[in-house]
Amino acid sequence: MSDSFVIDRARTAVVVIDLQMGVVNRKTVPHAAATVVANTARLLAKAREVGIKPILVYVDSSSDGNDFVKPDCDRPTSRDGLPADYSVLASELDRQPEDLVVMKRNWGAFYGTDLELQLRRRGYTTIILCGIATEFGVESTARDAFERGFNQVFVSDAMTAFSQISHDNAIERIFPRLGRVRTTDEVIAIL
């Protein structure tokens, strides 16, 4: 696909959502988590090469879970049974000392974190978004970014979901209204 839009490298960051051991070891669709991690690693390598800042976001909470959202709902989230390495970032991301790392306690990466502050202080107006799960962390972050006025590029094969229908809904119906949807190869070519 030929693209008519250009990414301003000086004003762009790659925001990676929840590619951590407790998430990448789960069954995902339509892409295996290993594929998403590999595509994200390729994207991060290119981003670093051309001077685009990686921001690695992971979810965690205190050991007692008292800082985690616990609304009254039919399917509450629980810390019960989480592996000890739950919040450890996937090694394939090749975290570098200059990468920014943001811990979140919610699905979205903006609320209760300094992500927006980090983006604004560096003058970033565009985020390239990827991670797991499309329908949770990625979509929540995308909606918040849209409402904050950030341009977005969604890397469709560097994200995956826990449900095919949820992934398809985001990729086909939600993300095209919030930004640009491209594959890893297409984004690397644009960079």
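The values are calculated or read from the model by the stated rules, or taken from the named source; none is laboratory data. These numbers were taken from a predicted model, which means no experiment stands behind them. We place every Cβ from the backbone using ideal geometry, glycine too, and count neighbours over all the protein chains shown. Note: areas computed on protein heavy atoms with side chains; ligands, DNA, RNA excluded. Shrake-Rupley method; radii C 1.70, N 1.55, O 1.52, S 1.80 Å.
Scanning region 1-59 for residues that are in contact with a strand residue (DSSP E or B) (Cβ under 6 Å, 6 or more places away or on another chain) and on the phi > 0 side of the Ramachandran plot returns a single hit, 18. Residues of region 138-161 that are open to solvent by 40 Å² or more (accessible area, probe 1.4 Å) and touching a Ser or Thr at 6+ places or on another chain (Cβ under 6 Å): 151 alone.
Beta carbons closer than 7 Å, at least 6 apart along the sequence or on distinct chains, pair a first residue in region 83-94 that is assigned to a loop (DSSP other than H, G, I, E, B) with a second that is among the charged types (D, E, K, R) for 87/60. Of the residues in region 50-58, none is in a loop (DSSP other than H, G, I, E, B), in contact with a Pro (Cβ under 8 Å, 6 or more places away or on another chain) and either over 30 Å from residue 189 (Cβ atoms) or open to solvent by 30 Å² or more (accessible area, probe 1.4 Å) (or both).
Of all the residues in region 95-104, those that are buried (at least 16 other Cβ atoms within 10 Å of the Cβ) and in a loop (DSSP other than H, G, I, E, B) number 1. Residues in region 162-177 that are buried (at least 23 other Cβ atoms within 10 Å of the Cβ) and either outside any helix (DSSP H, G or I) or modelled with pLDDT under 95 (or both): 0 in all.
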